[in-house]
Amino acid sequence: MFAKLSYYAHSAQDELGNLLPYEHWQTLQSHASNVGNLAAAFAQNFGADEIARYTGQLHDLGKYSLPFQKRLKGEAKSVDHATAGAKIAVERWGNVIGKLIAFCIAGHHTGLANGCGEGNNRSTLKQRLALQFGEDIPALDNLWQQEIKLPQNLSAPPLKADAHHPFFSYAFFTRMLYSCLVDADYLDTEAFYLKLENKAAERGGYPKLNALQHNFNQFINAFRRRIAEAPEQTEAEKRNAALNRLRSEILDHAVEQATQAQGLFTLTVPTGGGKTFTSMAFALEHAKQHDMRRVIYVIPFTSIIEQNAAEFRKAFGELGEQAVLEHHSTFDDGELQDDATKDKLRLASENWDAPIVVTTAVQFFESLFADRSSRCRKLHNIAGSVIILDEAQMLPLNLLLPIMQAIKELAQNYHCSVVMCTATQPAVQAENGFYRGFENVREIAPKPTALFDKLRRTTVQHIGTQTDTDLLAKLAEHPQMLVIVNNRRHARSLYDQAKHLDGTFHLTTLMCAKHRSQKLDEIRGRLKNDEPCRVIATSLIEAGVDVDFPLVMRAEAGLDSVAQAAGRCNREGKRPSENSFVWIFAPEEQWKAPPELATQAAVMRLIADSFSDDLLSTQAVAAYFAEFYQLKGSELDNKKILKMHNDTGQSLDFPFQTIADKFRMIESHMQPLIIPFDVEAENLINSLRYADHIGGLLRKLQPYTVQIPEKALAALYKAGRIEPINEKNFGKQFYTLIGLDLYDDVAGLSWEDTNFIKEENLIF
């Protein structure tokens, strides 16, 4: 009798890179079974465990071949091991379920492909399925049929398709299935190598949502006790006490709504009404009522993510540190060629298995339309979540319809509840006349219109054109004021002209987050102590940044931006509204807004004519959005994302790669640059220089990164001002600034190079 030939999924090496005996290797049967079980467990949340199990079992089927086994020994070059499982899936289960599975298996390393047509340096699924066993790809050993038992039929995924976009559900499901597969594959591979090295996995062990809710409630109750005991002698103290009582009422009312069925909700509360904690209180109670798994808090800007994450950690007490995952990394493995390098990065990428995830809208929505494993890996963990969309009105207009479709899909098929949280609720509901807008949306705030009246803390006026000379005169006249302009160049120019004035600050996204946080602490300190504090910034300060000025000036923009700016004025209600001004102005010609912003400003001026007495009333805001969406029409999906799903849906030949390329919330491709800002940053950079596995390093480095255009990064590299870190292990993935001579305490990253300035000028 001949001994049965064993097939292996992964080889094992010692510290010197020498192959260890076979007993240390991972068998293919073990890996296929593990990945199948893990993927099934992940997909159980949306009723697709059976499909996921067999997707996992078949993903490495091509490794049942002699050429691949030789590759494991170092005797052969690259071997296609992903096409085999895709072909078998279609043969066994046909052109619907089989094909959806085939997309996932064929792309589990390279990324989801286009169904047919052309791919960008990636074969289409049609091309992959046309490859022949024994000719184009290795023949399989029949042993696989003994080790993997496949059912004859698979049940269709339990999808409720949207009447207007029925095929979108299938594409979305494919990404979810793909997520289950790639995360299971990564985790099992990671577990095998950690065991080999006698290391423990750094994953799991998170606190339960119930425990977090307990701590959160204690935090809220302690706050309430403090405000109940606070003196109410002065007018300002009385106003503050009334405001805190109102915030408590709003929170209690929202929590009472948490028993409602899962689905779509709005929380319409004016700025300063406590949206952040109210939405979290609702989410925790709603999750408890419906046995949901996590809360995902989605923020419009990277600039405020640290602040929100820190607030939540504080509210969760001793559990905060391990419970809250802050994910806004833009480090990306897509450009890397070396498989070993890619694997190292992949194993470090976040899969969102923490109970509280705080992330950006860019990270969240681009992931939902992504094609690469590193971006899609976390998707299955979104199922069964309460998703809070903070400042929902700031979603990009050119992608609004596909984003809305994705939100509907999460609520309809993946047991999610979505809370659209905003001070200026956009009119995206069907009942507001929005064509194919959201239906059955429930408001969880008590009487929003009345709230707006109670929480009115500013007087908004349009004061016409203001030159920089006019602005400087006002800055000189008012010792505490905030000026918000529409681009980084204008902010810097105005600051340079005003810096001689006492207490003048400049805030920009060219500062790393750690630097911005320090500046904001200084600004808050000066405001509190009634010292001169003049701040010149871009819109980064508008969403959620907790500052309180007596006077705010805002360059013309959309009414939602004006409302956000107003939220930085008399935020704490210490002054009467008639003495707290928000002045809207038109900047001089050289600083005129780009076309998109100019359109928003034009609609805002139109609304201002009709609602001059109360520009931020709920009626004015509703009129603004209705007019604006009407005007934009087809531009709300100007990349034709939904059309691509519809056009290819009948044949299920979805162009996944093209969709991912087109779905970009930030058009100019930005790259992270690590700034050696302080000793901690330098130590982290040094750790990265010698790291084999990134572990938690990327997360720790996030506060020290600045996003700059790709070409600006290239110009810095060419000039020898930046260097790649640990190129041997990670390719040209991580760049750091060499020294701090190009990093200014006032302006962040500053370089007088013409190419750099040219690229930077494109950023508004």
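Numerical summary
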quantity: Close pairs from segment 516-534: first over 20 Å from residue 748 (Cβ atoms), partner of a type in the set (Val, Ile, Thr), Cβ under 8 Å, at least 6 apart; calculated: 527/547
quantity: Any hit, segment 259-269, residues being under 18 Å from residue 446 (Cβ atoms) and in a helix (DSSP H, G or I); calculated: yes
quantity: Of all residues in segment 32-91 being among the β-branched types (Val, Ile, Thr) and touching a Leu at 6+ places or on another chain (Cβ under 8 Å), the one that is surrounded by the most Cβ atoms within 10 Å (Cβ to Cβ); calculated: 55
quantity: So residue 690, is it of a type in the set (Phe, Trp, Tyr) and either touching a Leu at 6+ places or on another chain (Cβ under 7 Å) or in contact (Cβ under 8 Å) with a residue 24 or more places away in the chain (or both); calculated: yes
quantity: Top-ranked residue in segment 249-260 [being more than 26 Å from the chain's Cα centre (by Cα) and in contact (Cβ under 8 Å) with a residue 24 or more places away in the chain; ranked as surrounded by the most Cβ atoms within 10 Å (Cβ to Cβ)]; calculated: 250
quantity: Unmet requirement for residue 465, which otherwise passes all of (1) in contact with a Ser or Thr (Cβ under 7 Å, 6 or more places away or on another chain); (2) surrounded by fewer than 20 Cβ atoms within 10 Å (Cβ to Cβ); calculated: (1)
quantity: From 267, 196, 246, residue being of a type in the set (A, V, I, L, M), touching a residue at least 24 places away in the same chain (Cβ under 8 Å) and within 30 Å of residue 374 (Cβ to Cβ); calculated: 196
quantity: Scope segment 499-530; condition touching a Gly at 6+ places or on another chain (Cβ under 6 Å) and not hydrophobic (A, V, I, L, M, F, W, C); matching residues; calculated: 508, 526
quantity: Residue pairs meeting the criteria (Cβ under 7 Å; at least 6 apart or on separate chains; first closer than 23 Å to residue 17 by Cα, in segment 71-86; second modelled with pLDDT under 95 and among the β-branched types (Val, Ile, Thr)); calculated: 71/79
quantity: Of all residues making up segment 123-153, the number that are more than 20 Å from residue 647 (Cα to Cα) and part of a helix (DSSP H, G or I); calculated: 8
quantity: Filter result for residue 445 (crowded, with 20+ Cβ neighbours inside 10 Å, small (Gly, Ala, Ser) and in a loop (DSSP other than H, G, I, E, B)); calculated: yes
quantity: Residues located in segment 594-611, provided they are in contact with a strand residue (DSSP E or B) (Cβ under 8 Å, 6 or more places away or on another chain) and without any contact (Cβ under 8 Å) to a residue 12 or more places away in the chain; calculated: none
quantity: Residue match in segment 604-627 (condition: out of contact with any helix residue (DSSP H, G or I) (no Cβ under 9 Å at 6 or more places or on another chain), modelled with pLDDT under 90 and hydrophobic (A, V, I, L, M, F, W, C)); calculated: no
quantity: Tally, over segment 371-419, of residues that are of a type in the set (Asp, Glu), modelled with pLDDT under 95 and outside any strand (DSSP E or B); calculated: 1
quantity: Lone unmet requirement of (1) at positive phi; (2) modelled with pLDDT of 90 or more for residue 535; calculated: (1)
quantity: The lone exception for residue 338 - which of (1) modelled with pLDDT under 85; (2) touching a Leu at 6+ places or on another chain (Cβ under 8 Å) it fails; calculated: (2)
quantity: Strands (runs of 3 or more DSSP E) within segment 697-742 that include 1 or more residues touching a residue at least 40 places away in the same chain (Cβ under 8 Å) and in contact with a Cys (Cβ under 9 Å, 6 or more places away or on another chain); calculated: 705-709
quantity: Flag for residue 113 being among the aliphatic types (A, V, I, L, M), touching a Cys at 6+ places or on another chain (Cβ under 6 Å) and in contact (Cβ under 8 Å) with a residue 40 or more places away in the chain; calculated: no
quantity: Enumeration of residues in segment 90-122 that are in a helix (DSSP H, G or I) and under 19 Å from residue 371 (Cβ atoms); calculated: 99, 100, 101, 102, 103, 104, 105, 106
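The values are calculated or read from the model by the stated rules, or taken from the named source; none is laboratory data. Fair warning: this is a prediction, and the values are worked out from it, not measured in the lab. Because the Cβ atoms are built from the backbone with ideal geometry, glycine has one as well, and the counts that use them run over all protein chains shown.
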